[in-house]
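The values are calculated or read from the model by the stated rules, or taken from the named source; none is laboratory data. Since the structure is predicted, the reported quantities are computational estimates derived from the model, not experimental observations. Don't worry about glycine lacking a Cβ; one is built from the backbone with ideal geometry, like all the others, and counts go over all protein chains shown.
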Amino acid sequence: MNAKTRSLSRRAFLRGTGLALALPWMETFSAGAFSKNDAPRRFLSVYHPDGVGLPLKSDPAWEDWSWFPRGGEKDFTLTKVLDVLEPLRNDITIYSGLSHPAARQVHGHSNADQYLTGAAIGGQGTYQNTISLDQVYVERIGDLTRHASLVLSTNGGVGAPRGAQTQSFNREGRPIPAMNKPRQIFEMLFVTSGRDAAERLSRSKSALDLLIENSRSLRRQLSSRDQETLQHYLDAVRDTEVKLAKAQRWIDTPLPQVDARNLNLDAEPKEARIFFQTMYELVYLAFLSDSTRVATFQLGRENGEGPHDLLSQAVGLPGAHGLTHAVKKPDGWQNLGTYNRYQAEEFGRFVQRLKDTPEPLGGGNMLDNTFAMHGSASSSFHLSRNYPIISAGGKNLGFSNGRYLKFGKGNEDNQAGAGIVSDAGWSGKVAVEELPLSNLFVTILQRLGVETDSFGGYTGTLSRV
Amino acid sequence: MTRPPKCNSRSSALRERNSGCVICRDGAQGNKVRLRSTAGQNLAVKVLRLAMVLLIGNLSQITASAGQEVPISLGAAKEQGRHKSRFLKEAKLTAQAGDAIAAANVEDFERIVGPVLTKSCLGCHGPKKAEGRLRVDQLNADVPSGPDIERWREVYNVLTKAEMPPDDSKEAKLSEEERGKIVLWLGEELHKASVIRRSSKAESSFRRLTKDEYNYALQDLLGVEVEFANKLPPETASEDGFKNRSDLLQMSATQFQAYREIGLNALNRAVVRGAQPQTVTYRILMKEQMKVAASAKGAKTFDKDHANYKKLRNEPHLLDRETGLAVHNPSLSTPPQQNISIEPPLPLSSVVWALPQAGELKLNLDRFLPDEGIMRVRIRAGRSSMNSNEYASLRLVFSAHTSNNASFSQTISSRDIPVTASAEAPEFIQFDIPLNDIQRNPFRKLATQFPRRDEFLHIKNISNAHGGEERLSVLINDVEICAPFYEQWPPRSHQNIFFESEHKGDERLYGREVLGSFLRRAWRRPVSAEEVDPYMVLFERYRPGFPNFEEAMAEVLATALASPEFLYLTPRRSLEGGNAGQSRIDELAFASRLAVFLWASLPDEELMQLAEVGKLREPAILTAQVSRMLEDPRSKRFSRLFVDQWLGLERINSVAHLNDGALREAMLAEPVALFEEVLKSGGSVMDFIDCNYAMLNERLAAHYQIPNIYGPDFRKVSITRQTNRGGLLTCAAMLTINSDGKDSHPVKRGVWLLQRILHDPPPPPPPNVPQVDLTDPEILKMTLKERIENHRNQPACASCHSRIDPWGVAFENYDALGVFRTSIKDRPVDATSELFSHQRLAGIDGLKRYLLMERQDQFAEAMVHKLTAYALGRPLSLGDRVDLEKLTAEMRRQNDRLSDLIQRIVSSDIFNSKE
């Protein structure tokens, strides 16, 4: 398929969705920067607070409303919580027995901060986080796109230590503020011209020119060996110039033109369905236009009131956080399961959308080049173990889906910590063996093309993935 | 003397002797006084230890040569060992430093040295065996220019350390006279080799500033005390542990971009714009708080007659010292006021907040604290009693609790400030906290009330107050919090850059003035008008994009801070005539090198001015300036950086078995305090091997079980042998970093001693060495020392470990945290070992005695090497040998005075050299 026909089929597809999307930069790339096999590798992580429903086997609700599937690696059965993903069965993988070791005895409410970092942030006192998975990948590919990453959440900003409202942390462990207003996100992606950025860049260029001039005059006073040392400095300045030139390219490239008429950019979390779908759609458009290749999206902060608490209204239920506390009330497990089911449904809709879209810059569909994960840092009630994680896509990255992968030992039925309702649960002894989630992160990073064999202090990949 | 039995059999033999106790009784006789003074349960073990010391002493050549029955004291060893120094005898070598290059003396080799080598060494290092792949019959006799220089250096090292030939060898004997002849000849030849290489420019000291130096340089240049360099990647340490070595300091685009970003942020901290921002002030006067608290609903008041008085008074409370009325832990709050001065101070009153040990005063600041600037916290407080055994200090903690399980708290004061005034005459204690740098409540500006917006300041009493009727409390009269606080407006940091000038109205003229002054300070040299020009061009290019002069100029100045002229230490050639001038750096470059060495920063105005008029290197002036620099508080950076890196102290932060933060701090501080003491008191570097004092604070003294040391400050304390301390070797930090997480680790300790103290690092382990098999039940039964011996007996391991382990075993009386012990798992500690040269060491005293008697020169050379390597910031090579030898000889002649060594280093040829 040549660029033209691909582009045609894409346009045809886009018409079908009711979106007019003009992608002028794509010609630029297909002409030079990328070969056909250079389809961008993308990463998305969606985080939801409060874990999932995990009733005891003895509970009548177990049959339908326990989150984890039943059965083996391939022949698993989805319960009512995840059955909305049945059509995507062969595009997803579900994991059990993974968690970050340092958080296993810390209250679940404190732990959204460390879901993508694995840092030992503890439950109180001094706080220090580390770089998150997505940002490690950003360090490698961030300057290939106009935006290094798209950091989203329902609540926006950074939140508080141990009460994060963002999933992304930089190299120094500082939170990267999340955006939560669809209109702002849209404008950043597709409207803002970047005149300030252009001005800053141009100033930087003059400064670099002057520094190179400075080095030249210094160079004349140095011995030939010291000139070599100074050459490292000059190389660093030149490399910086190259980076600026890349940034300049984005300023000079016209913004993707997206017709926003079908997007509800003023959606708020209380209109849960529309809000959810708009946010996912923005991630989709950002990926499609190659405005970024990395996104994180946090659906609410752990604990407490806030806009995210209204998301459960999408399925006619009151405050989302309250659902986890009310599991022993009539229909409690079912209500929590219904809300989790709804979260899975929206994730599935997004996954389906990627699957239905041909890859603009390579073969296959967009899902094949995207690794999207969905999970939480607690399983049941405040318990920071056995994280409920779903991943989708990534075929071209080396992921094979359609599987339920159990890791660790002693918790084959996901009963450890099931049905707990008191603090004795989350702070209790770790009795079953789980593997560090960082092992999965190393696998992901390697398949995204980052050369590393450890993450967050844990070395090694996860077998079978 | 008969050869002692091999390691394995020896340790079991020793155990027999210990349990047999025959020797104990014999040995103990001469030392009744010491035994009597030793009390309690340790007595038996001490008898054993003493017996071991005596036993080994009898065998060792030290006591044999000293002709005494008991080992000589370490003080005497220090004195006697000093007389053995070759540096105090060989006047000739050192005088040659400036000599012309001499030819190799092959004649003496053929006449004297060759025959001895053939006789004594060929058996093992010849055609038959070639041990260590050395064949003495194949060494090229032209040492200075021949290809075998490295081999010859090895030969020199093993001969001067008496490691070769092994004294159990029947055929390989070397008389002291023969040894002396080889060493003399070889020493001269190596000296010639060094002279040849000296002019060949092997290494360069042209380098960028390290992360620490960059940080301090920015702080001193801008007058803003902020930690700037956290964004920069860590430096790589050399094998000596130093992070300033020219060939290891990297530069990358990421690093360069970080410099640009940090520079601009730093300037934005230093300069201000517009009018002084409104200040927010909280004034908490306890007398006023009492009025509210005592009459509040449910107030828990009490007085001396209260049934629970004894308990209640040891919890925080408001107290009227006149009436005795107290309110138990009321919550305090005061609405902030805008733009009021904190002068004059609030009146003194009889009402105080009584803060007992570990208690706190928690203030709710609500959401009114500004985002930026300095928060000045001023607390007027006194002590409830003046007992000199007790101390109390104040610490600030900042916290927020935004929702359940989403809380944080952080210590924001950089150090605890002691309360020294009496309650009758309380004094101000002042903290300045940069609000930009502390963790804030991100929700403080929310319009809604949840998540919670409040921020809290906690004033804590960190104290050692103990029991007793009148336990020490801190009594606080008032607290004032003011932010953003400015001593003056615009602040001094701003005026340093944007000073008063008659040209202030003319941006071009004034811009040139500002740039000229700033560039001179940042680049440590006067700048010409031509050098200012391009920066003025940049300014004019930037100016339209900014609302005012200062902001545009700050961007330009930030560029100057990313220039190699700021980031690098440039060895600019001196313009003086003659050969000396050609190879020397100019005075300004010298001033920079000096300031980086002793302050880890830029030269100050005084050094700059002296350098500009070419007077800094005049001997009397230089000596006075170095003394001034060492007395300046900035020299603390030198002590800390040098000692941390020399001894590898950073590792203490990743030691798993040390969880007590206060102990960790104290451990880290001890070696630095000892270094500073030796430096400032004109002491000898031999004090690092052993001395009769220790630098201690309360926490560390408690760890060492030394009584009656109170308070957090380090001070010099006289000690006796019984404390088992003195010098660096027994500092808890060394022993802790060289442990394995559970127990002592003799191999690590041995390597550490060789590498850091004796500058004789063992080679790295070869590939494919067999691991100690911990699944073998026989091995599991062994003590650590036995395991090490077992490992050492394997041929692949023996050659290295026999040179490492014995050193480390001598430390076995110290556990993983450096606490002295006499038994391990109910078995007496066996800290005896035998060096490769068959010298026997009995515990730490034996080790120290041996070092002082036999290895003073080696340690002196090591010390000179380490300090010079740090001072130059480049690798040292054979070409530096001449200068190092000269420095060592000079230091030894000056009674090994550390301060003298520093003076000599800065006036040495290598420190002044362009390379």
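A few points about this structure:
- Here the stretch A:235-260 is the region considered, the condition is being assigned to a helix (DSSP H, G or I) and in contact (Cβ under 8 Å) with a residue 40 or more places away in the chain, and the residue that is farthest from the other protein chains (Cβ to nearest Cβ) is A:A260.
- Of all residues assigned to the stretch B:425-444, at least one qualifies as being assigned to a loop (DSSP other than H, G, I, E, B) and under 30 Å from B:K304 (Cβ atoms).
- Scanning the stretch A:299-309 for residues that are more than 14 Å from chain B (Cβ to nearest Cβ) and either surrounded by fewer than 22 Cβ atoms within 10 Å (Cβ to Cβ) or in a strand (DSSP E or B) (or both) yields nothing.
- Condition met for A:A286 (away from every other protein chain (no Cβ under 14 Å), within 20 Å of the chain's Cα centre (by Cα) and assigned to a helix (DSSP H, G or I)): yes
- Of all residues assigned to the stretch B:230-249, none qualifies as being among the aliphatic types (A, V, I, L, M), touching a helix residue (DSSP H, G or I) at 6+ places or on another chain (Cβ under 7 Å) and crowded, with 19+ Cβ neighbours inside 10 Å.
- Qualifying residue in the stretch B:496-514 (condition: surrounded by 14 or more Cβ atoms within 10 Å (Cβ to Cβ), more than 14 Å from chain A (Cβ to nearest Cβ), small (G, A, S) and over 30 Å from B:P619 (Cβ atoms)): yes
- Options A:Q184, A:Q124: the member that is within 13 Å of another protein chain (Cβ to nearest Cβ) and either assigned to a loop (DSSP other than H, G, I, E, B) or free of Cβ contacts under 8 Å to residues at least 24 places away in the same chain (or both): A:Q124
- Scope the stretch B:372-422; condition within 14 Å of another protein chain (Cβ to nearest Cβ) and charged (D, E, K, R); matching residues: B:R395
- Options B:A522, B:A465, B:A483: the member that is within 14 Å of another protein chain (Cβ to nearest Cβ), surrounded by 18 or more Cβ atoms within 10 Å (Cβ to Cβ) and in contact with a Leu (Cβ under 9 Å, 6 or more places away or on another chain): B:A522
- Across the stretch B:629-640, the number of residues qualifying as touching an Asp or Glu at 6+ places or on another chain (Cβ under 8 Å) and either closer than 22 Å to B:L663 by Cβ or without any contact (Cβ under 8 Å) to a residue 24 or more places away in the chain (or both) comes to 2.
- Note on the stretch B:248-338: enclosed helices (runs of 4 or more DSSP H) holding 1 or more residues that are in contact (Cβ under 8 Å) with a residue 12 or more places away in the chain and closer than 26 Å to B:E455 by Cα are B:253-270, B:286-295.
- One residue stands out in the stretch B:564-579 among those that are at pLDDT 85 or above and within 7 Å of chain A (Cβ to nearest Cβ): the one that is surrounded by the most Cβ atoms within 10 Å (Cβ to Cβ), namely B:T570.
- So A:L263, is it buried (at least 16 other Cβ atoms within 10 Å of the Cβ), away from chain B (no Cβ under 14 Å), in contact with an Asp or Glu (Cβ under 9 Å, 6 or more places away or on another chain) and touching a residue at least 24 places away in the same chain (Cβ under 8 Å): yes
- Check on A:D226, within 10 Å of chain B (Cβ to nearest Cβ), surrounded by 13 or more Cβ atoms within 10 Å (Cβ to Cβ) and touching a helix residue (DSSP H, G or I) at 6+ places or on another chain (Cβ under 6 Å): no
- Tally, over the stretch A:385-431, of residues that are part of a loop (DSSP other than H, G, I, E, B), buried (at least 18 other Cβ atoms within 10 Å of the Cβ) and in contact with a strand residue (DSSP E or B) (Cβ under 9 Å, 6 or more places away or on another chain): 9
- Lone qualifier among B:L561, B:L538 - being within 11 Å of chain A (Cβ to nearest Cβ), within 26 Å of B:I433 (Cβ to Cβ) and surrounded by 18 or more Cβ atoms within 10 Å (Cβ to Cβ): B:L561
- Per the conditions (1) under 27 Å from B:E861 (Cα atoms); (2) surrounded by fewer than 21 Cβ atoms within 10 Å (Cβ to Cβ); (3) hydrophobic (A, V, I, L, M, F, W, C), the sole criterion not satisfied by B:A702 is (1).
- Qualifying residue in the stretch B:862-874 (condition: of a type in the set (V, I, T), surrounded by fewer than 23 Cβ atoms within 10 Å (Cβ to Cβ) and touching a residue at least 24 places away in the same chain (Cβ under 8 Å)): yes
- If the condition is being over 19 Å from B:V271 (Cβ atoms), not hydroxyl-bearing (S, T, Y) and not in a loop (DSSP other than H, G, I, E, B), then the stretch B:216-236 contributes B:A229, B:N230, B:K231.
- Looking only at the stretch A:244-278, residues that are of a type in the set (D, E, K, R) and over 21 Å from A:R183 (Cβ atoms) come to 3 in all.
- Residues being in contact with a Lys or Arg (Cβ under 9 Å, 6 or more places away or on another chain) and of a type in the set (F, W, Y) - total across the stretch B:597-612: 1
- Candidate set: the stretch A:127-166, residues that are hydrophobic (A, V, I, L, M, F, W, C) and within 11 Å of chain B (Cβ to nearest Cβ); chosen: the one nearest to A:L288 (Cα to Cα): A:V158
- Counted residues, the stretch B:423-462 - those being within 14 Å of chain A (Cβ to nearest Cβ), surrounded by fewer than 21 Cβ atoms within 10 Å (Cβ to Cβ) and either of a type outside the set (D, E, K, R) or in contact with a strand residue (DSSP E or B) (Cβ under 8 Å, 6 or more places away or on another chain) (or both): 15
- Across the stretch A:207-223, the qualifying residues are those that are at the interface with another protein chain (Cβ under 7 Å from one of its Cβ atoms) and loosely packed, with under 15 Cβ neighbours inside 10 Å, and the one among them that is nearest to B:A529 (Cα to Cα) is A:E213.
- Residues located in the stretch A:311-321, provided they are more than 14 Å from chain B (Cβ to nearest Cβ) and not in a loop (DSSP other than H, G, I, E, B): A:L311, A:S312, A:Q313, A:A314, A:V315, A:A320
- If only residues of the stretch A:266-286 that are within 30 Å of A:V136 (Cα to Cα) and touching a Ser or Thr at 6+ places or on another chain (Cβ under 7 Å) are counted, the one that is surrounded by the fewest Cβ atoms within 10 Å (Cβ to Cβ) is A:P269.
- Close pairs from the stretch B:746-761: first closer than 12 Å to B:F859 by Cβ, partner assigned to a helix (DSSP H, G or I), Cβ under 6 Å, at least 6 apart: B:L753/B:W807; B:R756/B:L647; B:L758/B:Q858; B:L758/B:A862; B:H759/B:A862; B:H759/B:H865; B:D760/B:L754
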